Amino acid sequence: MFLIIAKNEFENENIRLPDLLLPLYPCCNTSANIMGTSLLLSIKDFLLNDKFLLYVNEAYRDNYPNDDDPFLNPVQAKECILKKLPKSVWQFGSCDPLRDDIVRLLGKISKIKELE
C-alpha cells in the first residue's frame, strides 16, 4: 500500500487505491532499535516464539540496514504517506507479540487523520 501511495505522490503515477485496507496481524516494525513490551510475550509463545520471530525478521530484512525505510518499517512512514491511507480495519490480538508496533502505527495514523 505504501508503495502505491509513494508512486502516486512522488512519481506522479495514477494508481487507484483500494477502498478498504484489511491488515491481518501485520508486522509494522522490523527494527531492533524499537522494541515494545508486547514482544516479551514471544519468549514463551508456542507459535511465535522469540527465536522464530528473529529468524523471520532476519530473512525478511535480508541484512537490509535502513531502519528508516517505511516499506520495511511502516511505523517510520511520513505523514504525507499515512494521511493517504484508505479506510482500514486492523486485525490483531491482545496477546500478539507485535501488538505494540501496530498500536504505535495506529496512534500516528489517528493523530494525522484527526488533523484533517
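The values are calculated or read from the model by the stated rules, or taken from the named source; none is laboratory data. This one's a predicted model, so the numbers in the text were calculated from it and none came from an experiment. Quick reminder, even Gly has a Cβ in these numbers, built from the backbone with ideal geometry, and neighbours come from all protein chains shown. These accessible areas exclude ligands, DNA and RNA; they are computed on the full protein's heavy atoms, side chains included. Shrake-Rupley method; radii C 1.70, N 1.55, O 1.52, S 1.80 Å.
So what's the back-of-envelope 222 nm ellipticity for the chain, counting only DSSP H runs of four-plus at -39500 (n - 2.57) apiece and dividing by all residues, rounded to 500? Kindly include the intermediate steps, with their values, before the conclusion.
Details: 4 runs with 42 residues, N = 116.
Value at 222 nm, helices only, nearest 500: -11000 deg cm²/dmol.
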I'd like the orientation of helix 50-61 relative to the chain: the angle between its Cα long axis and the longest Cα principal axis, in ° from 0 to 90, rounded to 10.
40 degrees
Accessible surface of V89 in the full protein assembly, 1.4 angstrom probe, to the nearest 10 Å²?
80 Å²
Tell me which trypsin sites (Lys or Arg not before Pro) from the stretch 11-100 have a DSSP coil assignment and no more than 15 other beta carbons within 10 Å of their own.
R16, K44, K78, K83
At most 15 other Cβ atoms within 10 Å and a DSSP loop assignment: could you name the GluC sites (Glu not before Pro) in the stretch 9-81 that fit?
E11, E13
Counting only residues 5 or more apart in sequence or on a different chain, those whose built amide H sits under 5 Å from that of S88 are L21
Rounded to the nearest 10 degrees, what's the angle between the helix 99-115 long axis and the longest principal axis of the chain, both from Cα atoms, 0 to 90?
20 degrees
Charge tally in the Cβ shell below 11 Å around G36, where Lys, Arg are +1 and Asp, Glu are -1, G36 excluded
-1
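For the chain, what is the accessible area per residue in Å² when the probe is 1.4 Å?
Here the per-residue accessible area is 69 Å².
Taking all protein chains in place and a 1.4 Å probe, what share, in percent, of the accessible surface of the chain do carbon and sulfur account for? Don't jump to the answer; show the numbers that get you there.
Numbers: 4590 of 7990 Å².
The value for the chain is 57 percent carbon and sulfur by accessible area.
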Would you list which lysines come within 17 Å of K111, measuring only between C-alpha atoms, while excluding same-chain residues fewer than 8 positions from it?
K78, K83, K84, K87
